[in-house]
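The values are calculated or read from the model by the stated rules, or taken from the named source; none is laboratory data. All values derive from a computational prediction rather than experimental measurement. Heads up, the Cβs are rebuilt from the backbone with ideal geometry, glycines too, and the neighbour counts pull from every protein chain shown. Each accessible area value is taken on the protein alone, full model and side chains, heavy atoms only, with ligands, DNA and RNA left out. Shrake-Rupley method; radii C 1.70, N 1.55, O 1.52, S 1.80 Å.
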Amino acid sequence: MLLSNKAVEAVEGKRWVNPYRRLLDQYPGRLLSFDSWDKDAEAVDRLLSGVSQAYCEIGSGSGRHLIEVARQHPQALLFGFELRFKRAVRTMEKSNDAGVHNTIVLRTKGEHLPLLFGPETLDGVYVNFPEPWDKLKRRKHRVLNVSLLEALQTRLKPGGFLSVKTDHSDYLRTFLAEASEFSAFQLVERSEDLHRSEWMAGNVPTEFEELFRHKGISVEYAKLLRVR
């Protein structure tokens, strides 16, 4: 059973320990903690060898989007990168409650994607509402950057996609300008207000997205395909 929302941390001796860390082992093979990099990297390889389709979500949060996409693609594996213990555990709990068992949570940085997935292993990658890192000196931490494009140019299968949603216009425009320099990618879907666009019919909302929608904040969207 999960701990209450108030039990965010517990004291163990003189160390503050996140209680959700203790729950990671309840989901062997599906919640990879990366306390041992080699062991869990090998686990990803084994999982990939057993499926014909695989998708990633960088920053999958508490799993709402990840689980729904997994439900829509029962033949595929959905890998969610999520560092926070509580969100990782919540994703597994929600998956089990929904009877969806093709979700895998990777408790490591999204920047490690190219270390875990080999050439042409992914059918699609989702990046939903990444931290914009507005200050110039912090922009090196942005997930949407040239390094991601370089990685996905080989990790995505031909015809594989990168889907992006954000409430930060400048961030997305900057990234799309960078992407336009990569001939391997083609921008095929774009909206400055997703919820009023033709792309809304196939949209799977996230927790943040519903919050922004209720506040009347526009959600920007883009989808790029690997064309060569």
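For region 14-79, averaging the sequence separation of C-alpha pairs within contact (under 8 Å, six or more residues apart) and dividing by the residue count gives a relative contact order of 25 percent. Quick one: work out the % antiparallel among DSSP beta bridges in the chain, nearest 5. Around 40 percent of the beta bridges assigned by DSSP in the chain are antiparallel ones.
Take E68, E82, E198 and sort them by solvent-accessible surface of the protein heavy atoms, 1.4 Å probe, largest at the top. Walk me through the intermediate numbers first.
Values: E68 55, E82 15, E198 145 Å².
Largest accessible area first, the list is E198, E68, E82.
At K109 and E207, where each label point lies 7 Å from the Cα along Cα→Cβ, what is the point-to-point distance in nanometres? Taking the simple label geometry, K109 and E207 are separated by 2.3 nm. Against the criterion of solvent-accessible heavy-atom surface with a 1.4 angstrom probe, H141, H101 sort, most first, into H101, H141. Label reach from S218 (point 7 Å along Cα→C-beta): in region 145-171, amide nitrogens under 18 Å belong to 164-171.
Y221 sits with roughly 20 Å² accessible to a 1.4 Å probe, with DNA, RNA and ligands left out of the calculation.
For S180, the accessible surface of its heavy atoms amounts to roughly 80 Å² (probe 1.4 Å, protein chains only, rounded to the nearest 10).
Between R228 and V17, the FRET efficiency estimated from the beta carbon spacing at R0 = 45 angstrom works out to 0.40.
For the chain, the solvent-accessible area with a 1.4 angstrom probe is 53 square angstrom per residue. Split the accessible area of the chain by element, probe 1.4 Å, and carbon with sulfur accounts for 49%. Since only S147, M200, S183 are under comparison, the one whose Cα sits farthest along the positive direction of the charge dipole of the chain, derived from C-beta charges on Lys, Arg, Asp and Glu, is S147.
Figure note: D97, D167 ranked by solvent-accessible area, largest first, 1.4 Å probe, ligands and nucleic acids not counted: D97, D167.
Each part reduced to its alpha carbon centroid, region 194-228 and region 36-57 end up 28 Å apart. With a Förster radius of 22 Å applied to the beta-carbon distance between E120 and Q26, the computed FRET efficiency rounds to 0.10. Each residue, E178 and S49, gets one label point 7 Å from its Cα in the Cβ direction; the gap between the two is 3.5 nm.
What the Cβ-Cβ distance of E93 and M200 gives, at R0 = 22 Å and to the nearest 0.05, is a FRET efficiency of 0.15. Distant-in-sequence amide contacts of L77, defined by a placed amide H-H separation under 5 Å and a gap of 5 or more residues or a different chain, comprise Q53, A54, Y55.
For region 89-133, the alpha carbon convex hull comes to 120 Å³ per residue, rounded to a whole number. A convex hull fitted to the Cα coordinates of the chain yields 147 cubic angstrom per residue.
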